[in-house]
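Q: The structure follows.
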């Protein structure tokens, strides 16, 4: 078993590196889906295979942004609005 691994070491490293490169290309070329969907869960596996960890890419979750809106009385009020 170990002898087989040692004899095929170059092919094994090449295969692993190919998976990492292809997964990295997929991750870099696609928009991050919502993590709660099925596609989001598949994306997480591909992201793991591409060795993209931590905050290397956006999470796909829409973050509300505070926007100042002038009210009828003339005062300014902050309102949550989601990014588009």
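Q: Counting other beta carbons within 10 Å of each Cβ, put 47, 65 in order, fewest first.
A: 65, 47
Q: Given a Förster distance of 25 angstrom, what is the FRET efficiency for residue 17 paired with residue 39, based on the Cβ-Cβ distance and rounded to 0.05? The partial results should precede the final answer.
A: Numbers: r = 26 Å, r/R0 = 1.04.
E between residue 17 and residue 39, to the nearest 0.05, is 0.45.
Taken together, the values in this text are just the output of simple stated rules run on the coordinates, not laboratory data. Computed from a predicted structure; not experimentally measured. Neighbour counts run over all protein chains shown; Cβ positions are idealised from the backbone, glycine included.
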